[in-house]
């Protein structure tokens, strides 16, 4: 696994998912007594049939959060689409705590009008409208789910986001085939960005969600590329001798932190994306790798074994000061910072096993979130509530996710092949 084996400078990634096969969502643990919510089928005002089952997408999103227990349609005693059609007694009879109704209309764009009702109190709590292109019907539904989730939990939703991951399948001749794929947060609508027999590593997002960066071995050695999602246009950014790894965009999108070994040992560099000027940040005989930006863009976290074992360090861009951040345990690596700038997801070793943990930069408390033994590549949802990561399931790598409080877990197994190196998009998509 790349995070763990980087210290031996192993550059070949071990596993990933078939891009043409969608990921599947399986909630493995939710909170105790999840809230019962009914999402009635939405009315459709338009020509032909609705492009998507909007209510079903919203229903699935809320179920995936682990905090809600959606009511099955076959248990619904009525199917209201207007407030006047609601009889709260029908919903109390099936123990629904909340009810969602809606209507979808199609003109130049799709418009979804929806309402959230408190069944217990018999009141309308919230109404809203979402507009988006017909081609993004599923994303429009995810945005409705985000709004409902925020209203009910006080936390912004992260359903209208995307996942980037790398997958690999092995043909009958025993040769691996790699794919870089982007998909919706529920694993649907996968799009292959790059495919071939050369390994692909360390995918990451630009802050506006319009580009991705990654490492490809297509030139027989690792090189860093960036690619525009809308057009597929690619640009090779580095191809130095030795390591070219771990590209991550700065929060303002003007620079990229990356790892190069062209001057000796692996160190952290900054690449100005306009001028292509490189600035070397670290100069140490140890291995410095896996940079990640703090949200304010003023400092970086990175992994270094300069203390004898891999730990997380901070680099202040103004002063050049470097200080150790993690001290608990013999191994802490692959840090990824939440947008609040407080919680850091990382790989933590305990008892010979590698777990996903969250480190609180303020309280300096480390909390282990996973129980599996070979976990890597954490990435935090833009709302800071969930960490997605790669883990081993038999001889395959699969994606799993866990809430930062450890209460909710779900997995995203592929129908075939393996998948790892997940990267959660940095923003909620508005269209």
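Points worth noting:
- Any hit, the stretch 201-221, residues being modelled with pLDDT of 95 or more, outside any loop (DSSP other than H, G, I, E, B) and under 17 Å from residue 297 (Cα atoms): yes
- Any hit, the stretch 166-178, residues being in contact (Cβ under 8 Å) with a residue 40 or more places away in the chain, buried (at least 21 other Cβ atoms within 10 Å of the Cβ), part of a loop (DSSP other than H, G, I, E, B) and within 22 Å of the chain's Cα centre (by Cα): no
- Conditions (1) in contact with a helix residue (DSSP H, G or I) (Cβ under 9 Å, 6 or more places away or on another chain); (2) more than 19 Å from residue 165 (Cα to Cα); number of the one not met by residue 295: (1)
- Scanning the stretch 81-119 for residues that are surrounded by fewer than 21 Cβ atoms within 10 Å (Cβ to Cβ) and assigned to a loop (DSSP other than H, G, I, E, B) gives 81, 82, 86, 87, 94, 95, 97, 107, 108, 109.
- Residues that are in contact (Cβ under 8 Å) with a residue 12 or more places away in the chain and either surrounded by fewer than 20 Cβ atoms within 10 Å (Cβ to Cβ) or part of a strand (DSSP E or B) (or both), drawn from the stretch 141-165: 151, 153, 155, 156, 162, 163, 164, 165
- Subset of the stretch 183-192 [surrounded by 21 or more Cβ atoms within 10 Å (Cβ to Cβ) and assigned to a strand (DSSP E or B)]: 184
- In the condition set (1) at pLDDT below 80; (2) on the phi < 0 side of the Ramachandran plot; (3) in contact with a strand residue (DSSP E or B) (Cβ under 6 Å, 6 or more places away or on another chain), residue 427 is compliant with all but (3).
- In the stretch 308-320, residue surrounded by the fewest Cβ atoms within 10 Å (Cβ to Cβ) [restricted to those that are over 15 Å from residue 293 (Cα atoms) and in contact with a strand residue (DSSP E or B) (Cβ under 8 Å, 6 or more places away or on another chain)]: 311
- The listed residue being in contact (Cβ under 8 Å) with a residue 40 or more places away in the chain, assigned by TED's automatic domain parsing to the domain that holds residue 179 and under 24 Å from the mean Cα position of the chain (by Cα), out of 257, 230, 223: 257
The values are calculated or read from the model by the stated rules, or taken from the named source; none is laboratory data. Remember, it's a predicted structure, so these values are computed and weren't measured experimentally. In this analysis, Cβ positions are derived from the backbone assuming ideal geometry, glycine residues included, and neighbour counts consider all displayed protein chains.
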